[in-house]
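One structure below.
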Amino acid sequence: MPPPRRRPPSAADAAAIRRPYLRLVALSCTLRHLDQILAVSLASGHYPLDPAPATSLLLRYASLRAPHGHLLRLFRGFPRPDRFLRNALLRSLPSLRPRLLFPCPDSFSFAFAATSLAASCSRGGGAASSSAARALHALAVAAGYAADTFVASALAKLYFVLSRVDHARKVFDMVPSPDTVLWNTLLAGLSGSEAVESFARMVGDGSVRPDATTLASVLPAVAEVADVTMGRCVHSFAEKCGLADHEHVLTGLISLYSKCGDVESARCLFDMMEKPDLVAYNALISGYSVNGMVGSSVDLFTELMTLGLWPNSSTLVALIPVHSPFGHDLLAQCLHGFVLKSGFTANSPVSTAITTLHCRLNDMESARKAFDAMPEKTMESWNAMISGYAQNGLTEMAVALFEQMLKLNVRPNPITISSTLSACAQLGALSLGKWLHRIIAEEDLEPNVYVMTALIDMYAKCGSISEARSIFNTMDNKNVVSWNAMIAGYGLHGQGAEALKLYKDMLDAHLLPTSATFLSVLYACSHGGLVEEGRKVFQSMTDDYAIIPGIEHYTCMVDLLGRAGQLKEAFELISEFPKSAVGPGVWGALLGACMVHKDGDLAKLASQKLFELDPENSGYYVLLSNLHTSKKQYSEAAVVRQEAKSRKLVKTPGYTLIEISNKPHVFMAGDRAHPQSEAIYSYLEKLTAKMIEAGYRPETEAALYDVEEEEKEHMVKVHSEKLAIAFGLLSTEPGTEIRIIKNLRVCLDCHNATKFISKVTQRLIVVRDASRFHHFRDGVCSCGDYW
């Protein structure tokens with residue numbers, strides 16, 4: 001007889017073996033163990049009958065880092081998955097699968113979905129992730145979970161990952177009674193003063209009790225704004241609540257006091273700890289480094305190693321003297337060696353800190369080597385290298401690296417965009433800046449105040465002051481830096497009256513001006529010839545706002561008076577300045593003013609000071625020599641030139657850049673390297689003839705004194721500005737605006753010639769030189785010949 005057929009297991013059989021099955025899953029510690037349990041379950045036919053063991057098995061596989069495809073196969077192998085199994089899969093996958101939410105999502109479904117989406121966003125998701133987040137939020141609201149604190153906390157965290165602080169706040173505001181966890185999520189996501197204000201509101205509300213996580217979240221924000229008084233208030237509150245002895249709170253307090261410059265209090269708290277852990281050591285090491293106490297941070301690191309504690313990546317990031325790198329080249333090399341020997345090169349935060357350190361030491365070759373050696377580059381790594389290039393003037397390399405990053409499908413964040421915009425601003429590359437503007441829109445970064453402020457700065461420095469103002473007007477969340485950028489932009493374009501008006505609007509908006517605000521306003525007054533207004537602003541700085549002027553402010557005041565021809569008063573003002581404020585910048589401003597107003601005696605005095613303070617700067621010798629030449633003091637000019645020659649100083653060569661069809665073209669004086677040089681010189685001859693008919697006469701007084709007048713006229717005729725403008729006129733349609741960038745201050749003849757060119761060609765010509773913008777239209781320059 002054939003053997004009797006086995007009866008398939010029923011739901012009752014599956015329920016009977018549920019407990020031992022769950023216990024076996026819990027005891028499994030390898031993927032092989034789980035595979036064996038799954039095989040037995042499938043062979044016996046029990047697997048598809050009971051969702052509880054299937055859910056437990058899936059979660060255990062996820063905890064042991066099973067491939068995500070395996071988790072999906074487990075889920076699909078269950079014929080009728082319940083809500084718990086769906087939620088388990090949502091929780092375990094690294095990216096959101098929207099279909100798993102249906103047909104019956106609960107609060108866990110939405111919370112786990114938000115967490116999965118946040119995980120995928122942190123790896124770079126761009127505008128698509130932002131759209132998915134809004135769609136998930138809409139589904140949660142439609143399902144009635146908008147007021148659920150568990151869902152709201154997950155959604156708020158998701159929006160913070162996407163840098164959408166405004167959306168995170170809206171999620172929070174939709175919950176009528178937020179719990180401690182939701183408050184903590186808000187505090188952890190906000191930065192600086194916003195987090196401090198929210199903490200004060202939470203305490204004042206009194207409906208929830210802060211816990212240790214609350215304090216650990218708000219303390220970094222207090223440290224960010226460097227408000228030690230507020231920090232002491234939080235410390236007192238922690239004492240009253242009995243939370244001051246909690247390890248996370250103590251560590252946060254150590255970090256707070258360190259960053260506020262009160263290292264003594266930080267050390268006192270550290271010494272109060274019975275057995276400081278590695279996190280506490282890291283906090284104090286970081287505190288010493290931030291305050292420039294590199295020796296103390298190295299001593300504490302040595303103590304840590306002596307105690308047998310092995311440093312982690314946070315220890316090394318804290319120890320690397322990023323904040324005060326100068327004078328610590330040997331330490332930088334030793335730390336780099338330790339990182340290599342200890343195997344920390346694969347750790348992105350450590351490698352990023354090493355890259356940043358080399359960038360700040362202007363050792364870009366070592367920085368790039370450290371960057372290229374990273375097996376996995378994080379967003380912070382890309383940002384460190386791009387901003388390093390931008391800050392060291394290697395703007396083209398910054399833009400090239402940004403383009404390389406995009407080709408690798410790494411999506412930029414606000415810091416990346418801001419750094420690259422800074423590079424475009426330095427280059428004056430308007431077409432690149434507009435391209436970045438499009439990326440900002442695509443990545444949905446327009447609500448970010450730092451990105452939009454960098455965009456204002458870029459447009460202003462690339463000559464589009466109207467576009468900069470348009471962006472400024474559309475910003476809803478302007479901060480003081482945004483106002484400063486716009487005021488500085490007006491100053492750069494010589495629109496002093498507009499800058500002063502905007503400064504008044506800023507004060508009316510109840511924003512406190514900073515040191516940078518006053519510098520921007522004084523610069524605008526200087527380039528606009530607004531002497532009395534500048535005096536009042538400078539006085540207001542100390543009288544009304546108790547801000548101590550820095551070297552830059554004093555330099556601006558000398559420049560303001562000097563440009564206006566008040567050289568004697570400018571010189572007297574220098575004698576009133578603190579000795580620490582009288583550097584090359586102040587005397588350089590006075591020498592420049594002497595050149596404009598032909599004051600040889602005062603120029604000699606200023607140049608003597610400059611030769612002592614900055615003997616390697618060839619520009620001062622050139623200025624003094626040109627002044628003597630313009631006054632026909634040829635022997636004195638020869639002496640200055642010979643002195644520069646004996647010191648082996650080389651004059652910075654002048655060049656002019658123009659962009660045509662998004663391609664940069666660079667010209668130097670007398671340049672014939674351009675493929676169209678014959679056409680350019682031929683056109684320039686015809687253009688010069690038209691200019692002479694209109695009344696143009698070459699300004700040759702600063703040309704070399706030992707050549708004939710006719711040769712002098714030829715020398716100034718082929719200056720790089722004229723070649724670039726001629727090429728621009730040849731290459732563009734009539735009526736098109738011409739934009740050029742000169743690396744040095746535009747000379748008197750080129751300034752005069754450009755006025756005539758704008759008149760005879762009926763073109764608007766925008767020139768950015770080393771100090772400001774000039775807008776030439778119908779024979780008139782926006783600077784009013786005051787530059």
Filter pass, S575 being over 27 Å from G528 (Cα atoms), without any contact (Cβ under 8 Å) to a residue 24 or more places away in the chain and hydroxyl-bearing (S, T, Y): no
Residue in the stretch 137-149 that is farthest from I415 (Cα to Cα), counting only those that are touching a helix residue (DSSP H, G or I) at 6+ places or on another chain (Cβ under 9 Å) and at pLDDT below 90: A143
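Yes/no per residue for (1) crowded, with 24+ Cβ neighbours inside 10 Å; (2) at pLDDT 95 or above:
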| site | (1), (2) |
| --- | --- |
| S464 | no, no |
| F472 | no, yes |
| D476 | no, no |
| N479 | no, no |
| W483 | yes, yes |
| I487 | yes, yes |
| Q495 | no, no |
| L502 | no, yes |
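Table: residues versus (1) farther than 30 Å from S731 by Cα; (2) at pLDDT 85 or above; (3) outside the structural domain of Q566 (by the TED database); (4) of a type in the set (A, V, I, L, M, F, W, C).
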residue	(1), (2), (3), (4)
P578	yes, no, no, no
A589	yes, yes, no, yes
E616	yes, no, no, no
T629	yes, no, no, no
S635	yes, no, no, no
A673	no, yes, yes, yes
I680	no, yes, yes, yes
M691	no, yes, yes, yes
Any hit, the stretch 702-719, residues being under 40 Å from the mean Cα position of the chain (by Cα) and at pLDDT 85 or above: yes
From the options L307, L243, L269, L253, residue that is open to solvent by 20 Å² or more (accessible area, probe 1.4 Å), assigned by the TED database to the domain that holds S217 and either of a type outside the set (K, R) or without any contact (Cβ under 8 Å) to a residue 12 or more places away in the chain (or both): L243
The stretch 429-451, residues that are under 24 Å from S771 (Cα atoms) and open to solvent by 10 Å² or more (accessible area, probe 1.4 Å): L430, S431, L432, K434
Residue count, the stretch 319-334 (criterion: closer than 24 Å to A280 by Cα and open to solvent by 10 Å² or more (accessible area, probe 1.4 Å)): 5
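Does M405 meet the test of being open to solvent by less than 40 Å² (accessible area, probe 1.4 Å) and either closer than 13 Å to S419 by Cβ or not in a helix (DSSP H, G or I) (or both)?
On the way: open to solvent by less than 40 Å² (accessible area, probe 1.4 Å): yes; either closer than 13 Å to S419 by Cβ or not in a helix (DSSP H, G or I) (or both): yes.
Spelling it out, M405 is indeed open to solvent by less than 40 Å² (accessible area, probe 1.4 Å) and either closer than 13 Å to S419 by Cβ or not in a helix (DSSP H, G or I) (or both).
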Spans of helices (runs of 4 or more DSSP H) in the stretch 272-364 with at least 3 residues under 24 Å from W382 (Cα atoms): 278-290, 313-319, 329-341, 348-360
Selection from the stretch 146-203 of residues that are touching a residue at least 40 places away in the same chain (Cβ under 8 Å) and part of a loop (DSSP other than H, G, I, E, B): D148, L162, S163, R164
E643, sole failed condition from (1) surrounded by 18 or more Cβ atoms within 10 Å (Cβ to Cβ); (2) out of contact with any strand residue (DSSP E or B) (no Cβ under 8 Å at 6 or more places or on another chain): (1)
Every residue from the stretch 95-113 that is part of a loop (DSSP other than H, G, I, E, B) and either at pLDDT 65 or above or among the hydrophobic types (A, V, I, L, M, F, W, C) (or both): L96, F102, P103, C104, P105, D106
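The values are calculated or read from the model by the stated rules, or taken from the named source; none is laboratory data. None of the values given here were measured: they were computed from a predicted structure. Because the Cβ atoms are built from the backbone with ideal geometry, glycine has one as well, and the counts that use them run over all protein chains shown. Only protein heavy atoms, including side chains, enter the accessible area calculation; ligands, DNA and RNA are left aside. Shrake-Rupley method; radii C 1.70, N 1.55, O 1.52, S 1.80 Å.
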